[in-house]
Structure formats: structure tokens, C-alpha cells
Amino acid sequence: QVQLVESGGGLVQAGESLRLSCAASGSFVSINVMGWYRQAPGKQRELVAIITSFGHTNYRDSVKGRFTISSDNAKNTVYLQMNRLKPEDTAVYYCNAAAITDVGSNLREYWGQGTQVTVSS
């Protein structure tokens, strides 16, 4: 009942920047947490950053100081500003949301389709 659409991926050189966007739509009551995950070929999906409805954020150590997660509640959109990109940042980046779709229901998790980020050396 929540659709997440990512955009903004692409091919860049090391040291350059990209800004990912994830727009949420559907019949949700509220979105409590949104986050970005990434998965490189042959590796497990890993958490990159999360942001709560209160604006609190957390990042994995390898992206601290380089990536910034933010949200625009009016647009139901979350962003990931990625600066000083490194080849090891290369992965498919997925938007994730924990949302309540009906009053009184439990949180449910939703995923976007992913957007490719490739950083060349």
C-alpha cells in the first residue's frame, strides 16, 4: 500500500557527488522511519542511513561525514546527498520505509525498486 520510487543514481568518478531521491505514495497513514540501503554484487544488503519522523538520523560508519539523509514531509520524499564518493560506494541503492497503512495497524516495511550508483576510480 506504499510505493517507493527512487531516482538520482548514475555513473560518477571518485570524489564527485550524487543526490538520490525517494518519493513515497499510497494509502499510508504515516511513515515512521525511512532509510537507504545498498547492495553490491555478491554482497549482502546493508543499511546506509535512516531518518525518523522526528528528524533523527543514523549512518553507517563508512559514510559518516560524506552522506547526508534528509526528508521533505510535505512531499513525502527522502533524500540522500552523497559527497566525495568512493568506488566502494558502488551498489544498487534501495529506499526503505516503515509505515502504518491503517489506523491501529502495525508498522510494515516497504522497499523501492532500487537505483544504480556506480563510482569509477
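Quick notes on this structure:
- Matching residues in segment 18-49 - criterion: being without any contact (Cβ under 8 Å) to a residue 40 or more places away in the chain and in a strand (DSSP E or B): 46, 47, 49
- Among the conditions (1) open to solvent by less than 60 Å² (accessible area, probe 1.4 Å); (2) part of a strand (DSSP E or B), residue 15 misses just one, which is (2).
- Residue count, segment 57-69 (criterion: surrounded by 15 or more Cβ atoms within 10 Å (Cβ to Cβ) and part of a helix (DSSP H, G or I)): 1
- Residues in segment 27-50 that are surrounded by fewer than 12 Cβ atoms within 10 Å (Cβ to Cβ) and within 15 Å of residue 94 (Cβ to Cβ): 41, 43, 44.
- Output for segment 70-95, where each listed residue is in contact (Cβ under 8 Å) with a residue 24 or more places away in the chain, open to solvent by 10 Å² or more (accessible area, probe 1.4 Å) and either outside any loop (DSSP other than H, G, I, E, B) or over 14 Å from residue 20 (Cβ atoms) (or both): 71, 75, 76, 77, 79, 81, 84, 86, 87, 88, 92, 94
- Residue tally, condition among the β-branched types (Val, Ile, Thr) and on the phi > 0 side of the Ramachandran plot, over segment 91-121: 0
- Pairs meeting the criteria (first residue in segment 1-15 and under 22 Å from residue 77 (Cβ atoms), second residue among the polar types (S, T, N, Q) and part of a loop (DSSP other than H, G, I, E, B), beta carbons under 7 Å, at least 6 apart or on different chains) are 1/27; 1/101; 2/101; 6/113.
The values are calculated or read from the model by the stated rules, or taken from the named source; none is laboratory data. A quick note: this is a predicted structure, and the numbers were derived from the prediction, not measured. Ideal geometry is used to build each Cβ from the backbone, glycine not excepted, and the neighbour counts take in all protein chains shown. All accessible areas refer to the heavy atoms of the entire protein, side chains included, with ligands and DNA or RNA removed. Shrake-Rupley method; radii C 1.70, N 1.55, O 1.52, S 1.80 Å.
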